[in-house]
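Heads up: the structure comes next, in structure tokens.
The values are calculated or read from the model by the stated rules, or taken from the named source; none is laboratory data. None of these values were measured; they are calculated from a predicted model. Quick reminder, even Gly has a Cβ in these numbers, built from the backbone with ideal geometry, and neighbours come from all protein chains shown. For the accessible areas, the whole protein counts, side chains as well, though only heavy atoms, and no ligand, DNA or RNA atoms are used. Shrake-Rupley method; radii C 1.70, N 1.55, O 1.52, S 1.80 Å.
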Amino acid sequence: MSTELPESAVPPPTGAGESSPAPTRRTFIATSTAVGGAVVAGGAIGGSFLAAPEEVAAAEAPPSSPVSLTVNGSRRTVTVDNRTSLLDLLREHLDLTGSKKGCNAGACGACTVLVDGRRVNSCLTLAVRLEGAEVTTIEGLADGDQLHPLQQAFIDEDAFQCGYCTPGQIVSGVGCIQEGHTGSPEEIREWMSGNICRCGCYVKIVRAVEQTAGRK
Amino acid sequence: MHPFTYTRVSDTREALAAGRRGGRYIAGGTTLVDLMRETVERPEALVDISGLPLGEITVTERGGLRIGALVTMSEAAAHRKVRTLFPVVSEALELSASAQLRNMATIGGNIMQRTRCTYFRDVTADCNKREPGSGCAALHGVNRTHAILGTSDACVATHPSDAAVAFAALEAQVRLLGPDGERQVPFADFLLRPGSTPDREQALRKGELITAVEVPALPRPLKSGYLKVRDRQSYEFALTSAAVALHVRGGVIREARVAAGGVGTVPWKLPAVERHLVGERPSDSLWTAAAAKAAEGARPLQHNRFKVELLERTVARQLRIVGGTK
Ligand SMILES: Cc1cc2nc3c(=O)[nH]c(=O)nc-3n(C[C@H](O)[C@H](O)[C@H](O)COP(=O)(O)OP(=O)(O)OC[C@H]3O[C@@H](n4cnc5c(N)ncnc54)[C@H](O)[C@@H]3O)c2cc1C
Ligand code: SF4
Ligand code: FES
Ligand code: FES
């Protein structure tokens with residue numbers, strides 16, 4: 001699991017066109033770390049390395065850009081530090097913590113979301129590049145109280161243990177079904193291989209995807 | 001990650017101007033963002049080229065393929081013409097990375113991707129590729145996944161791309177656009193062996209843009225395919241791989257294109273294997289005899305000796321899969 005501090009902790013993006021929600025524990029932490037400014041950007045809180053002087057200087061005014069995107073159907077306009085990943089934007093600023101950070105390097109799939117209908121790794125997606133994009137996260141799959149069929153299938157098939165990989169598995173599974181790569185359990189396994197499950201629930205995950213694809 | 005400015009460009013002229021000023025192109029971002037986060041890469045200015053009109057696949061007059069630099073790996077792999085004309089290309093792509101990464105990553109970025117050598121990715125380790133003159137931690141370190149062909153004392157890292165192995169086998173051309181206009185570089189000259197300058201990886205001039213990869217026409221019927229051997233069944237880089245294309249007419253092999261991956265500092269074309277095949281009739285013993293030449297000149301390291309035999313077997317097996325036994 002990544003111990004790295006999200007780049008976007010400094011400074012928090014300014015929301016426009018979106019009334020800011022009441023402070024939660026999460027936004028409180030993000031805001032209070034931002035007060036620490038340069039120290040935080042250097043990673044002192046993580047404690048694993050000291051800030052290089054030029055990094056501290058740069059952290060005072062890191063280049064940022066405005067971006068407008070749609071997340072789970074609602075329009076968001078934010079100004080982000082250019083380094084902010086879509087994953088950090090979702091988790092640290094939009095309070096959508098369903099997408100998980102496993103490796104932060106494209107190697108586990110826990111951060112999988114749909115961008116313009118296609119499954120991608122949000123940890124390797126720079127938020128600043130998403131002008132006009134439509135993002136769907138695990139939080140956006142259900143229809144009100146009605147779970148997405150694949151969410152229901154994960155429950156029915158008992159396709160998780162700790163649940164950490166599950167949001168990524170489900171969003172990836174939705175992508176896999178849309179792409180039509182569900183012809184056989186082998187095909188599902190191959191096309192779902194971008195999602196690692198440390199608990200080893202693969203057999204049931206494949207079954208949940210297969211069952212949902214078959215129902216369509 | 002070091003801070004950087006961000007610009008989006010919408011035509012190639014704008015892109016080249018930004019590139020000339022030292023801007024770094026970003027396509028899918030799956031290599032670049034990853035390495036920026038590790039501070040292996042520290043560009044000060046990112047130039048987003050995803051809006052450029054380089055996303056087309058066209059069939060050339062003689063029956064070759066031109067794949068635009070911004071075509072994603074998943075689009076290229078699924079494209080009907082790629083699948084029918086050069087299955088080796090779509091197989092190499094589909095056996096790469098994951099469905100999510102292939103939706104993001106582009107063909108141009110794929111051939112530009114940097115090595116997965118763990119010392120290269122670890123900024124505390126000595127690495128001539130990352131920091132020229134600092135040494136090579138892999139040479140006497142954990143080098144099980146490293147190269148056995150094309151290495152130097154300065155660097156023994158493999159080129160990780162699968163698609164590049166198919167392109168090397170098929171003798172593709174890389175089309176480039178720079179301030180002085182267009183040029184075309186044979187694939188074999190595009191990716192550079194490390195020699196004493198492992199930090200120089202491509203024959204790309206400053207600010208040059210890859211516009212397409214062009215696969216030349218080959219006589220038909222052509223059978224082709226890609227085999228990848230790895231530590232796990234999927235979502236893993238190659239230990240060894242083989243790209244094979246054969247044109248057989250009248251029971252005789254008339255043309256052979258063979259290259260190997262996971263073993264070279266660049267995708268490793270196998271001309272000695274090709275020569276052994278041309279003019280012969282397909283047979284099991286031919287595949288084995290030709291593949292015995294695959295590892296010629298190999299210089300294995302302490303932990304990757306196994307790659308010599310694995311390479312020969314990988315090539316033999318893929319020749320058999322593509323060429324059959326009669
Ligand atoms: C976990 C993981 C597993 C992977 N497994 C595999 C695998 O099994 N096989 C495999 O082949 N690959 C694999 N990859 C690598 C992946 O295929 C590459 O990261 C991807 O193809 C790079 O393309 P991109 O468009 O994202 O490039 P970017 O990250 O955008 O760019 C990469 C480099 O190319 C330059 N560049 C991009 N486009 C152009 C252009 N048009 N002109 C000039 N320069 C350009 C950029 O400046 C940058 O230096 C894996 C990656 C990850 C993270
Ligand atoms: S093999 Fe190459 S990339 Fe790896 S440590 Fe040595 S010089 Fe660096
Ligand atoms: S967090 Fe592991 S792939 Fe994104
Ligand atoms: S359920 Fe625990 S990692 Fe998948």
Applying a 10 Å radius around every beta-carbon, put B:5-15, B:253-263, B:45-55 in order of their mean neighbour count, most first.
B:253-263, B:45-55, B:5-15
Expected sort for A:82-90, B:25-33 on mean C-beta neighbours within 10 Å, highest first, is A:82-90, B:25-33
At 0.692 mPa s and 37 °C, Stokes D of chain B from Kirkwood alpha-carbon radius, µm² per second:
163
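Go ahead and estimate [θ] at 222 nm for chain B from helices alone: -39,500 (n - 2.57) per DSSP H run with n ≥ 4, summed, over the residue count, rounded to 500.
Taking each H run of at least 4 residues, the total per residue is -7500 deg cm²/dmol.
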Please compute the net charge surrounding B:Asn103, taking Lys and Arg as +1 and Asp and Glu as -1 over other residues with Cβ under 11 Å from its Cβ.
0
Nearest 0.05, what FRET efficiency do B:Asp284 and B:Arg24 give at R0 = 56 Å with Cβ-Cβ as r?
0.70
Placing each pseudo-label 7 Å from Cα in the direction of the beta carbon, B:Arg13 and B:Arg83 end up separated by a distance in nanometres of 4.0
In peptide A:101-114, what is the residue-averaged number of other protein chain Cβ atoms found within 10 Å of each Cβ?
3
Using only the alpha-carbon atoms of the stretch A:68-148, report the extent along each of the three principal axes, biggest first, to the nearest angstrom.
36, 29, 22
Listed highest first by mean packing, meaning other Cβ atoms within 10 Å per residue, what order do B:215-223, A:199-207 come in?
A:199-207, B:215-223
Point-to-point label distance, B:Ala292-A:Glu179, nm (Cα→Cβ direction, 7 Å offset)
4.2
Relative pair counts by distance (%), Cα atoms of the stretch A:149-215, 10 Å bins:
25, 63, 12
Given 0.36 nm per residue, what is the gain on full extension from B:Glu131 to B:Gln302 after removing their alpha carbon distance, in nm?
59.2 nm
Quick one: net charge around B:Thr314, please, counting Lys, Arg +1 and Asp, Glu -1 for every other residue with C-beta under 10 Å from its C-beta.
+2
Residue (of B:Thr7, B:Ala18, B:Ser50) at the positive-pole extreme of the stretch B:5-50, dipole from beta-carbon charges:
B:Ala18
Tail fraction, Cα-Cα pairs, the protein assembly as shown, threshold 29 Å, whole percent
55
Computed over the stretch B:219-280, the distribution of all Cα-Cα distances in 10 Å bins, rounded to whole %, is 22, 43, 26, 9
So, with +1 on the Cβ of K and R and -1 on the Cβ of D and E, and no other charges, what is the size of the charge dipole of the stretch A:149-215 about its Cα centre, to the nearest 20 debye?
160
Summed over the other residues with a beta carbon less than 11 angstrom from that of B:Ala169, with K and R at +1 and D and E at -1, the charge totals 0
Would you mind giving the mean number of other chain beta-carbons within 10 Å of the Cβ of each residue in B:44-50, as a whole number?
2
Dividing the alpha-carbon Rg of the stretch B:26-145 by 2.2 N^0.38 Å yields what?
1.26
Any residues in the stretch A:189-215 that have 10 Å² or more less accessible area with all protein chains than in their chain alone, probe 1.4 Å, and which are they?
A:Glu190, A:Trp191, A:Ser193, A:Gly194, A:Ile196
Chains B and A, summed buried accessible surface - 1.4 Å probe, Å², nearest 100
2900
Provide the three semi-axes, in whole Å and in decreasing order, of the ellipsoid equivalent to the stretch B:123-257 as defined by the square roots of 5 times the Cα gyration tensor eigenvalues.
30, 23, 12
On average, how much accessible surface per residue is there in chain B, in Å², for a 1.4 Å probe, leaving out ligands, DNA and RNA?
41
By the Kirkwood definition, with r running over pairs of different Cα atoms, the stretch B:223-323 has a hydrodynamic radius in Å of 13.6
What is the spin-label model distance, in nm, from B:Lys206 to B:Val142 if the labels are put 7 Å beyond Cα along the C-beta direction?
3.8
On the formula 1/(1 + (r/R0)^6), with r taken between the Cβ atoms of A:Arg215 and B:Ile321 and R0 of 22 Å, the FRET efficiency rounded to 0.05 is 0.05
What average number of partner chain Cβ atoms lie no more than 10 Å from the Cβ of the residues making up B:90-100?
5
Over the Cα atoms of the stretch B:5-50, what Rg and Dmax result, in angstrom?
10.4, 31
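Given the pairs B:Lys129/B:Lys223; A:Lys101/A:Lys204; A:Lys100/B:Lys81; A:Lys100/B:Lys129; B:Lys223/B:Lys269, which span a C-alpha to C-alpha distance of over 28 angstrom in this model?
B:Lys129/B:Lys223; A:Lys100/B:Lys81; A:Lys100/B:Lys129
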